[in-house]
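> Structure incoming, see below.
The values are calculated or read from the model by the stated rules, or taken from the named source; none is laboratory data. What you see is a predicted model; the values in this text were computed from it and never measured. Positions of Cβ are generated from backbone atoms using ideal geometry, with glycine treated the same way; all protein chains shown enter the neighbour counts. Each accessible area value is taken on the protein alone, full model and side chains, heavy atoms only, with ligands, DNA and RNA left out. Shrake-Rupley method; radii C 1.70, N 1.55, O 1.52, S 1.80 Å.
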Amino acid sequence: MKLSIYKSFLPVTILALAVSVFVSCNKDLPVAEPITIPAPTGATILEFLDDPNYSILKAAVTKAGTNFTNLISDKSAVFTFFAPDDAAFQRSGIMTTAHLAGFRPGQLDTLLRYHLIGGQKLTSANISSNFPNLQEPTMLALAPPSASLPPGLRMSIFPSKRGSNLFVNNIPITQADIAVANGVVHRVAALVAPPSQFLWNRIDTDPDLTYLKAAIIRADSGAAASSSLQAALQNPAANLTIFAPNNLAFQQILTGQITLALMAQGLPQANAAAAAASLADSSDVFSNPALFSVLTATTVKGIVVYHILGARAFSVNIPTTATSVPTLLNSAIPSHPGVSVQAVFGATGVTAATVKGAANPSASNILINPTPANKGTSDQHYINGVIHIIDQVLRPQ
């Protein structure tokens, strides 16, 4: 009897449950209520600049105009701002707000956008000590527009960490991780100036790099203009580091190599050395037809690209222990060990740095700033890379 009751009760129960579910599924849904996301609290970047330590920066921001002030006052946006205080402006030659009179609003807007990373809050914990530098696009778009550039390409800035020290490009960060409503602010020791020229502009005009210029022209012999080294050194989308031997470095290695070549042809050592010194006395050595069989375009190109890294590396990002890094020569010879770089740090930054070629008996010195010359030697920043002047030619083999 119990069994028959159970059998008759079960279908009724299932039917009742199904009807209940069906009815409940067809009830009117409640009106959706919008979710309110609370606005960020605290001061925006613009309001943060009311701090009297940033009076020159606040004046520069104001003069730059509403496009920039609206940008950094937007609480719905997220930014990382590298903020020079008054002392940083003074180290950069702008002593008071009155000195801003010489700048147009557009110039200040350009300068300030290079200090600003959009779309992320980059704290010190996110800045890597890896080599080469972290690369972050700023709010400064590359101009003028070019058909060869990807749309929206922006000029990059390069935060890095070495030990407990933080840098942006080669400028020390003196106070990190200042929280604001729309991101984070890092106080910097000087203006982080955006570059305005290409690597080739420096090589083409520097009187102490005439041999390097001649070597590049020789390396480009027979190459299509679009695939030449000169084109790469004028490409705004490139990101390179050049260890640039000065003229004396080229003279020394060329004199030695030409001497050996002449001695191999039977010329006495004294005569060979004198003749080699005469031939190597001018950068015309690379365009001398008598030496074309030795200084072939392929050979010279191999030497030049061995001095170029495919990433931007400021001296403050160079490791403190000797570290091998690939050069552009590795694109042709993947197994090549590259070059070895090493830096020594003092209280305020790099005090010495070296780069060593695989076949160099000793490491070449990177000529660290300051220098009495009009043009600096290390950390020379350009649109498409950075140049470090060195005192030896790097030898790959």
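> State the Cα centre-to-centre distance between segment 167-205 and segment 246-270 in whole Å.
43
> Then there is this: May I ask you to compute the full-extension gain from S293 to N53, defined as 0.36 nm times their residue separation minus their alpha-carbon distance, rounded to one decimal in nm?
Length gained, S293 through N53: 80.1 nm.
> Once both labels are modelled 7 Å past Cα along the beta-carbon direction, what's the T66-L248 spacing in nm?
Rounded to a tenth, the inter-label distance reads 5.8 nm.
> In the chain, carbon and sulfur make up what percent of the accessible area (probe 1.4 Å)?
The value for the chain is 59 percent carbon and sulfur by accessible area.
> List the residues whose amide H sits under 5 Å from the amide H of T138, counting only those 5 or more places along or on another chain, with H placed 1.01 Å from N in the peptide plane.
M155, S156, I157
> Note the full-extension length gain between A261 and S92 as 0.36 nm times their separation in residues minus their Cα-Cα distance, in nm to one decimal.
That pair, A261 and S92, stretches by 55.8 nm at full extension.
> A follow-up question, please. Where does the charge balance sit around Y54 when Lys and Arg score +1, Asp and Glu -1, over other residues with C-beta under 13 Å from its C-beta?
-3
> Under the rule a/c < 1.5 gives rounded, and otherwise a/b versus b/c splits prolate from oblate, where does segment 189-234 land using the Cα gyration tensor?
It is oblate, given that a/c is not under 1.5 and a/b is not larger than b/c.
> Applying a 10 Å radius around every beta-carbon, put 238-249, 88-99 in order of their mean neighbour count, most first.
So the peptides 238-249, 88-99, ranked by packing, come out 238-249, 88-99.
> Within 12 Å, Cβ to Cβ, of G65, how many net charges do the neighbouring residues add up to if Lys/Arg are +1 and Asp/Glu are -1?
Value of the local net charge: +2.
> For the chain, what is the percent of antiparallel DSSP beta bridges, rounded to the nearest 5?
75
> Restricting to lysines 8 or more places apart or on different chains, can you count the pairs in the chain with Cα atoms under 25 Å from each other?
11
> Label segment 156-245 by shape, choosing from rounded, prolate and oblate, from the square roots a ≥ b ≥ c of the eigenvalues of the Cα gyration tensor; if a/c is under 1.5 it is rounded, and otherwise prolate applies when a/b is larger than b/c, oblate when it is not.
It comes out prolate by the Cα gyration axes.
> Starting from the amide H of V180, placed 1.01 Å from N in the peptide plane, find each other amide H under 5 Å away whose residue is 5 or more places distant or on another chain.
Hits under the 5 Å cutoff: V185.
> Could you work out the helix-only [θ] at 222 nm for the chain, with each DSSP H run of four or more residues adding -39,500 (n - 2.57) and the total divided by the number of residues, to the nearest 500 deg cm²/dmol?
Helix-only estimate at 222 nm: -9000 deg cm²/dmol.
> Moving on. With +1 on the Cβ of every Lys and Arg and -1 on the Cβ of every Asp and Glu, and nothing else charged, how large is the dipole of the chain about its Cα centre, in debye rounded to the nearest 20?
So the dipole magnitude of the chain works out to roughly 860 debye.
> Taking every pair of Cα atoms in segment 47-92, average 1/r, invert it to obtain the Kirkwood radius, and report Rg/Rh to two decimals.
Dividing the radius of gyration by the Kirkwood radius yields 0.97.
> Any idea what angle helix 247-264 forms with the longest principal axis of the chain, computed on alpha-carbon atoms, 0 to 90 degrees, nearest 10?
Roughly 50 degrees, rounded to the nearest 10.
> Starting from the Cα coordinates of the chain, work out the convex hull volume and express it per residue in Å³.
272
> Once the cut-off is 24 Å, how many percent of the Cα-Cα pairs in segment 181-317 end up in the long-distance tail?
Summing the P(r) of segment 181-317 above 24 Å gives 42 percent of all pairs.
> In whole Hz, what ³J(HN,Hα) sequence does segment 202-216 give by Karplus (6.51, -1.76, 1.60; θ = phi - 60°), x for Gly and Pro?
6, 5, 5, 10, 7, x, 9, 10, 5, 5, 4, 4, 5, 5, 5
> Which percent of Cα-Cα pairs in segment 278-397 sits in each 5 Å bin, short to long?
All Cα pairs considered, the percentages come to 2, 10, 18, 21, 20, 15, 9, 4, 1, 0, 0.
> Let me ask something else. If you split all Cα-Cα distances of segment 39-143 into 5 Å bins from zero, what percentages do you get per bin, shortest first?
2, 11, 21, 23, 20, 13, 7, 2, 0
> Let me ask something additional. I'd like to know which of L248, F79, V350 lies farthest towards the positive end of the charge dipole of the chain, counting +1 on Cβ of Lys and Arg and -1 on Cβ of Asp and Glu.
Farthest towards the positive pole: F79.
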